[in-house]
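Every number here is computed from the coordinates shown, using simple stated rules; none is lab data. Small disclaimer: the values here were computed from a predicted structure and weren't measured. Here Cβ is always computed from backbone atoms with ideal geometry, including for glycine, and neighbour counts include all displayed protein chains.
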Amino acid sequence: VVSHWGWQEPMKKYYGQPVLFGPTVPGLKEEVAEYHKHGLKIIPYLAYPAIPSDLPEMATGMIEKYGDEWRLKPVSTTPWTYNAPEGYHFVNCCLRARSYGDYFAAGLAWAMDTFGFDGFYSDGVAHVYACQNQAHGCGYLDDDGNLHSTWAIFGVREALKRMYRIVKSRQPDGYVVNHASF
């Protein structure tokens, strides 16, 4: 199996987070078909537990649109230095946010159905972080009104099970690769 890390231009240039439903490199469908012609499976680098700040060529506004609901609290960011413009970073997110899991599930279905990918590769999505974002159901208040973290173990588990089912419903021999670099 081949892992495709540069299926979107910004990912080739910055080695950054994919933006699902975003523009892809020209001829991607044909490239995937060429791998299949030679009996090779190919999966995209599809999921990282964060959303990117905007790049000049891919202004998505994801942080503004989804950041309040999806992000970890306290807010956690990861700077990215590999060829990235000054100030580029990721806002770390939590899969307890059901709509964040919806984004990955829909994006996976789109990647498989549109381009013929044979599953997906994720990086750190299986890692569970402490989170206090009550907008998506994490955190709790103690008797004194202090906010404490919870760990979204079941949110992560359900999102990955859902993605697994998407892969296997389309390709019973498809790949689900979860790299736990954290």
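Plugging the Kirkwood radius over Cα pairs into Stokes-Einstein for region 102-162, at a temperature of 37 °C and a viscosity of 0.692 mPa s, what D comes out in µm²/s?
My calculation gives 241 µm²/s for D.
Quick one: work out Rg over Rh on the C-alpha atoms of the chain, Rh as Kirkwood radius.
Across the chain, the Cα-based Rg/Rh ratio is 1.00.
Once the Cα atoms of helix 153-170 and of the chain are each reduced to a long axis, what angle between those two axes, in degrees from 0 to 90 to the nearest 10, is obtained?
With rounding to tens, the tilt is 20 degrees.
How far is it, in nm, from the label point at Ser149 to the one at Thr114 when both lie 7 Å from their Cα along the line to the Cβ?
Here the modelled spin labels are 3.5 nm apart.
Could you give the length gained on full extension between Ala180 and Ser99, defined as 0.36 nm per residue of separation minus the Cα-Cα distance, in nm?
Full-extension gain reported as 26.9 nm.
To the nearest 20 debye, what is the magnitude of the charge dipole of region 1-118 about its Cα centre, counting +1 on the Cβ of each Lys and Arg and -1 on the Cβ of each Asp and Glu?
Charge dipole of region 1-118: 320 debye, to the nearest 20.
What FRET efficiency do you get for Phe21 and Asp142 if R0 is 41 Å and r is their Cβ-Cβ distance, rounded to the nearest 0.05?
0.55
Considering every Cα-Cα pair within region 62-151, what fraction, in whole percent, is farther apart than 23 Å?
That fraction is 37 percent.
Run the numbers on the chain and let me know its relative contact order in percent, using alpha-carbon pairs under 8 Å that are six or more apart. Could the numbers behind the result be given before it?
Details: 329 pairs, mean separation 40.0, N = 182.
The value is 22 percent.
Name the residue farthest towards the positive end of the dipole of the chain from the options Ser149, Ile51, Pro26, assuming +1 on Cβ of Lys and Arg, -1 on Cβ of Asp and Glu, about the Cα centre.
Pro26
Report the label-to-label distance for Glu86 and Tyr164 in nanometres (one decimal), using points 7 Å from each Cα along the Cα→Cβ vector.
Here the answer is 4.6 nm between the modelled labels.
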